[in-house]
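What follows is a short report on a single structure.
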Amino acid sequence: MPLHLTAEDQQLLDGGSGPGAQMAMRIVVRLAEALEAEQLLTISGAHVDSCLYHGPSTLAFAERLLALGASVKVPTTLNVSSLDLLHPDLFTGDPKEAEQSRLLTECYKGLGGQPTWTCAPYQLNERPGFGQHVAWAESNAIVFANSVLGARTDRYGDFIDICAAITGRAPAAGLHLQENRRARRVFDVSGLPSALLDSDWLFPVLGALVGATPGVQVPVVTGVPGGQPEHRLKSLGAAAASSGGIGMFHMVGSTPEAPTLSEALGGVDPLEVTQVSLADLNETRASLSTATGLSLGSVCLGTPHYSLDEFAVLVPLLSGRQVHPSVNFLVSTGRGIYHELQLRGWLGTLEAAGVTVVVDTCTYLSPALSGGTGPAMTDSAKWAYYAPSNLGVEVTLASTAECVNSAINGVVTVDESLWANG
């Protein structure tokens, strides 16, 4: 069926709200037609990834919208930039690129975006509720919104995100529609050791495995104890979104649309059931650990941006200890969490230990690592997936505690007992 536009949609498309909104609406309509959507739907908010500088076209697009008088119609948060705007001295890249990045951030503020500069908008005070339609970009934010919050967003990319924010409209397609949200493939982890099932360390590795499995669209995980905390679900989703483009997952007993396996599947038999083994997980771990030997130059945590719950784990691990002088220890987070760290005195504890807290950006995107630092460690499967190609560094994926102990010792220090058979 052809795309049906409301009178308000047509008014935007005809330029009745100005040339900026008209340009944005043309793009939203073309996307809807490509997706074979029958109509557009109203969104209650947006999260924009286009504010991250990827070259001259990203700045030219934003400048064009601004020059045409465009402004956002719905509350719009902004993803990470290419810079830590509070600590610009951390940037070690091309000064010209840094200036272009600053100009881009000003454009998006000019369009009405909130200067949140975080890849984890779900950690802000206001976030979408169950069933609310939004247009979110940034892969980990998309999967969290759909899976953990039960909000509805498709996988929006650069330029589409800001156009949806300006028009307040998005195609009624993809994960906005109920029929596309039911699980189709089951990942059963009930055969794994209980100690691993109760460990934070399981979730990034499991997420990477799920995402990398060919043909998976909306997976459901069963066999994990119910009521899993948000930071574990966040870790799994971010890994799955990186390794395989997953936009939504279910976890029986932990995510809102999966109180039971049957409900996650929509009452339909799954296409396939995968019994996840230790061998499968160890193979995934190995694929994300490209470093060899014990040499260590940096530890990079906070991809996605660390939450207060994650800092509550990290801070005691570092209290009264000192990072080895040869190791560059970086943790990324959002501004709101950063200010809370200050209020709680946790920032002082981290800095006294030799940790640098980075805001507004991510260390696998922004040149915040000093040159020649050597192999890196991280507790993030997403960071481990992207950093080798983005930064040219070798990586060891490990638990948070192992990352801390390694940073203190100055060499890679891991404990394989949790991943051993028996």
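With N denoting the number of residues in segment 104-233, provide Rg(C-alpha) divided by 2.2 N^0.38 Å, to two decimal places.
On the way: Rg = 16.7 Å, N = 130, 2.2 N^0.38 = 14.0 Å.
Cα Rg divided by the expected 2.2 N^0.38 Å: 1.19.
Identify all lysines with a Cα-Cα distance to LYS382 below 30 Å; exclude those on the same chain that are fewer than 8 residues away in sequence.
Cα-Cα hits under 30 Å: LYS96, LYS109, LYS234.
How far apart, in nm, are the 7 Å Cα→Cβ label points at ARG64 and GLU179?
Placing both labels 7 Å along Cα→Cβ, they lie 3.5 nm apart.
Between ALA312 and ARG344, what length in nm is gained on full extension when 0.36 nm per residue of separation is reduced by their alpha carbon distance?
10.5 nm
Could you work out what % of the accessible surface of the chain is carbon and sulfur, using a 1.4 angstrom probe and leaving DNA, RNA and ligands out of the count?
Carbon-and-sulfur percentage of accessible area, whole number: 51.
Which of THR153, MET377, LEU397 sits closest to the plus end of the dipole of the chain, meaning its Cα is farthest towards the positive end, when Lys and Arg get +1 and Asp and Glu get -1 on the C-beta?
So the residue we want is THR153.
Segment 332-422: which GluC sites (Glu not before Pro) are DSSP loop and have at most 12 other beta-carbon atoms within 10 angstrom?
Counting only loop positions with at most 12 other Cβ atoms within 10 Å, the GluC sites (Glu not before Pro) in segment 332-422 are GLU416.
Applying 1/(1 + (r/R0)^6) with R0 = 30 Å to the Cβ-Cβ distance of VAL268 and ALA34, what FRET efficiency is obtained, to the nearest 0.05?
0.60
Kindly report the accessible area of the chain per residue (heavy atoms of protein chains, probe 1.4 Å, no ligands, DNA or RNA), in Å². Don't skip to the answer; put the middle values down first.
Numbers: 16360 Å² over 422 residues.
With all protein chains present, the chain gives 39 Å² per residue.
Using a Förster radius of 25 Å, what is the FRET efficiency between SER190 and PHE130 based on their Cβ-Cβ separation? Nearest 0.05, please.
Plugging the Cβ-Cβ distance into 1/(1 + (r/R0)^6) gives 0.35.
Please report the antiparallel percentage of the DSSP beta bridges confined to the chain, to the nearest 5. Spell out each step's value before the answer.
Details: 4 of 37 bridges.
Bridges in the chain are about 10 percent antiparallel.
Using a Gaussian network model of the chain whose springs link C-alpha atoms within less than 10 Å, name the residue from PRO128, PRO115, PRO214 with the highest mean-square fluctuation.
PRO214
Two decimals, Cα atoms only, Kirkwood Rh: what is Rg/Rh over segment 206-287?
A ratio of 0.94.
Over its Cα atoms, what ratio of radius of gyration to 2.2 N^0.38 Å does segment 1-66 give?
The value comes to 1.24.
Let a ≥ b ≥ c be the square roots of the eigenvalues of the Cα gyration tensor of segment 37-182; is it rounded (a/c under 1.5), or, if not, prolate (a/b larger than b/c) or oblate?
Here segment 37-182 falls in the prolate category.
Hey, in the GNM for the chain with a 10 angstrom Cα cutoff, which one of LEU233, LEU35, LEU347 fluctuates hardest?
LEU35
The values are calculated or read from the model by the stated rules, or taken from the named source; none is laboratory data. Predicted, not measured: the structure shown is a model, and the values here were computed from it. Virtual Cβ from ideal backbone geometry, glycine too; neighbours counted across all protein chains shown. Each accessible area value is taken on the protein alone, full model and side chains, heavy atoms only, with ligands, DNA and RNA left out. Shrake-Rupley method; radii C 1.70, N 1.55, O 1.52, S 1.80 Å.
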